[in-house]
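Here's the structure, in structure tokens; my notes come after.
The values are calculated or read from the model by the stated rules, or taken from the named source; none is laboratory data. This is a predicted model, so every value here is computed, not measured. Note that we place each Cβ from the backbone using ideal geometry, even for glycine, and neighbour counts take in every protein chain shown.
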Amino acid sequence: MDSKINLQITEYMFKVLKTMKHNISLSSENLHVTQVQFDALCFIKKHKFVEMHQISEYFSTTMPTATSLVDKLIAYKFAIRKNDPKDRRIVRISITNKGEIILSQALKHRTFVMNKLLSYLSAEDKKDLLRIFQNIVEKTESI
């Protein structure tokens with residue numbers, strides 16, 4: 001019985017994620033920012049100045065892949081590289097004003113889309129969903 005329910009949960013979870021990704025990415029194309037770039041900008045903003053290895057670790061990817069991601073952000077002028085004044089071997093990435101604006105626009109759009117998608121749920125269902133997601137995150141963060 002559990003495996004049947006787990007299969008159904010998995011199926012519906014992927015359908016919901018696909019719907020969310022599709023609806024959010026429609027505007028992201030106009031903003032010229034992918035979901036991964038959006039996540040990277042959020043990470044960079046949160047940590048102010050980050051090193052490439054931190055981005056690589058955050059996304060669980062290789063250094064060349066992280067470098068490619070950052071290169072695109074820099075090409076769009078969403079981020080800049082700065083050498084550490086004390087050790088020129090250390091390069092830090094920070095978000096630019098343009099990156100802040102794009103991030104703000106993307107956050108507004110994501111909030112709008114999520115509000116629309118969640119509007120189909122009752123207040124009680126939203127509380128249950130939040131509780132379930134919090135429980136999953138709490139349990140899996142320690143893995």
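Could you please let me know if GLU100 is surrounded by 14 or more Cβ atoms within 10 Å (Cβ to Cβ) and either touching a Gly at 6+ places or on another chain (Cβ under 9 Å) or among the acidic types (Asp, Glu) (or both)? Here the answer is no, as GLU100 does not meet what is asked.
Restricting THR96, THR111, THR62 to residues that are on the phi < 0 side of the Ramachandran plot, touching a helix residue (DSSP H, G or I) at 6+ places or on another chain (Cβ under 8 Å) and either of a type in the set (Ser, Thr, Tyr) or at pLDDT 95 or above (or both) narrows the list to THR62.
Suppose the filter is within 20 Å of VAL33 (Cα to Cα), touching a helix residue (DSSP H, G or I) at 6+ places or on another chain (Cβ under 9 Å) and among the charged types (D, E, K, R); does LYS77 pass it? So that I can check it myself, show each step before the final result.
On the way: within 20 Å of VAL33 (Cα to Cα): yes; touching a helix residue (DSSP H, G or I) at 6+ places or on another chain (Cβ under 9 Å): yes; among the charged types (D, E, K, R): yes.
The answer is yes for LYS77.
For segment 132-141, check the following and say yes or no: at least one residue is among the basic types (Lys, Arg) and under 25 Å from TYR12 (Cα atoms). Yes, segment 132-141 contains a residue that is among the basic types (Lys, Arg) and under 25 Å from TYR12 (Cα atoms). Restricted to segment 1-94, the set of helices (runs of 4 or more DSSP H) holding at least 3 residues that are more than 20 Å from ALA106 (Cα to Cα) and out of contact with any strand residue (DSSP E or B) (no Cβ under 7 Å at 6 or more places or on another chain) comprises 2-31, 52-58, 63-75.
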